[in-house]
Amino acid sequence: MISTHRGLRIRASGRPNRGENDVKARPRRRRHPSPAPPAEEKLRLDACWHWEGRTAAEDVNAVLGFVAEAMDAADYPDRDLFAVRLALAEALSNALRHGHRGDPTRPVRVRHHVDARRVLVEVEDQGDGFDPARVPDPRAPENRERPGGRGLVLMRAYMTWVRYNGRGNCVTMCKDRSARPTGA
């Protein structure tokens with residue numbers, strides 16, 4: 001099924017998820033560690049939305065808006081909406097800046113699935129990939145003045161879990177629905 005949203009062609013994909021060698025994100029010392037993703041967790045391609053295109057600012061904003069609208073339709077709290085938008089914007093920025101080395105002509109693939117329990121988002125670029133375990137922790141005193149790594153920390157902090165495929169060019173993120181505050 002193909003639909004159009006704000007000039008973007010979005011399709012529900014029924015293709016099997018082949019060739020992915022997903023690995024768990026390495027646990028890091030944090031005040032509030034997020035749970036590790038289940039090893040068998042897969043983005044349900046038979047029921048997800050798929051976008052592939054350039055990472056121009058207007059396209060990124062449209063993708064962020066499309067995911068936000070799906071979450072709003074499922075009545076997610078504002079804090080979950082903020083968390084997913086922040087992590088997705090960071091993942092798209094990383095795909096352009098690091099994966100494609102600033103080349104806006106190379107396409108990025110975004111898939112997402114929103115249901116009553118959680119949001120799954122996947123961002124894949126065409127770059128060589130990286131090993132997230134080798135990115136220095138920017139919170140360590142020796143790294144505080146060094147650029148880089150802060151976006152990965154934000155993604156891990158705001159999402160329930162984050163994992164990368166074996167190549168390191170595809171990130172899958174999950175945000176479980178937060179409980180609504182009492183009285184809301």
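The values are calculated or read from the model by the stated rules, or taken from the named source; none is laboratory data. This is a predicted model, so every value here is computed, not measured. Reconstructed Cβ throughout: ideal geometry from the backbone, glycine too, with neighbour counts over all protein chains shown.
Tell me yes or no: at least one residue of segment 3-10 is farther than 29 Å from D131 by Cα, modelled with pLDDT under 55, loosely packed, with under 12 Cβ neighbours inside 10 Å and in contact with a strand residue (DSSP E or B) (Cβ under 9 Å, 6 or more places away or on another chain).
yes
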Legend entry - Close pairs (6 angstrom Cβ cut-off, 6 or more residues apart or separate chains): over 24 Å from A83 (Cα atoms) in segment 131-153, surrounded by 11 or more Cβ atoms within 10 Å (Cβ to Cβ) anywhere: N143/P136
Legend entry - Among residues of segment 100-119, those that are within 18 Å of G53 (Cβ to Cβ) and under 14 Å from the mean Cα position of the chain (by Cα), counted: 5
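Per-residue answers, yes or no, for (1) at pLDDT 90 or above; (2) over 12 Å from V63 (Cβ atoms); (3) touching a Gly at 6+ places or on another chain (Cβ under 7 Å):
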| residue | (1), (2), (3) |
| --- | --- |
| L86 | yes, yes, no |
| T105 | no, yes, no |
| A116 | yes, yes, no |
| V121 | yes, no, no |
